[in-house]
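Enquirer: First the structure, then my questions, so here it is.
The values are calculated or read from the model by the stated rules, or taken from the named source; none is laboratory data. A quick note: this is a predicted structure, and the numbers were derived from the prediction, not measured. Note that we place each Cβ from the backbone using ideal geometry, even for glycine, and neighbour counts take in every protein chain shown.
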Amino acid sequence: MRLSHQASYRNDEYAVGLNWQMVASGKHRVIFQDGSIPGYACLLVLHPDSAIAIVLLSNEIDRDTARRLAIVANSITGAIDKAALLLPLD
């Protein structure tokens, strides 16, 4: 698992590991991955420094579903840990 969370590509605050996307700001890291198939979408967000994991499942998919899932994940994270880094909405 640790190997999959190591960056193999890095660009400013964004990085990609083995099938994981990562963002960082200062000391805080967020490891996440989203995906979809026709009719369904999901998002898994790990905040390893805060010991928070969020799994969101949706039985709908459209052009804005991934963004809406990120908004929900950011809201949950903010309610749990005000210091945790939030996901990018783009």
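Enquirer: Let me spell it out: the conditions are (1) at pLDDT 90 or above; (2) touching a strand residue (DSSP E or B) at 6+ places or on another chain (Cβ under 9 Å), and Arg67 meets all of them except one. Which number is the exception?
Expert: Every condition holds for Arg67 apart from (2).
Enquirer: Now a separate question. Just the residues that are in a loop (DSSP other than H, G, I, E, B) and either touching a strand residue (DSSP E or B) at 6+ places or on another chain (Cβ under 8 Å) or modelled with pLDDT of 90 or more (or both), please, taken from the stretch 21-46. So that I can check it myself, show each step before the final result.
Expert: Applying the first criterion (in a loop (DSSP other than H, G, I, E, B)) to the stretch 21-46 yields 26-27, 38-39.
Listed by number, the residues that qualify are Pro38, Gly39.
Enquirer: Give the residues of the stretch 58-79 that are farther than 26 Å from Ala7 by Cα and either assigned to a strand (DSSP E or B) or touching a Leu at 6+ places or on another chain (Cβ under 6 Å) (or both), sorted by residue number.
Expert: Ser58
Enquirer: How many of the residues in the stretch 14-41 are surrounded by fewer than 17 Cβ atoms within 10 Å (Cβ to Cβ), out of contact with any Phe, Trp or Tyr (no Cβ under 9 Å at 6 or more places or on another chain) and under 19 Å from Ala66 (Cβ atoms)?
Expert: Total meeting the criteria: 8.
Enquirer: On the basis of being small (Gly, Ala, Ser) and surrounded by 13 or more Cβ atoms within 10 Å (Cβ to Cβ), does Ala51 make the cut? Even if it seems obvious, please write down each step before you answer.
Expert: On the way: small (Gly, Ala, Ser): yes; surrounded by 13 or more Cβ atoms within 10 Å (Cβ to Cβ): no.
No.
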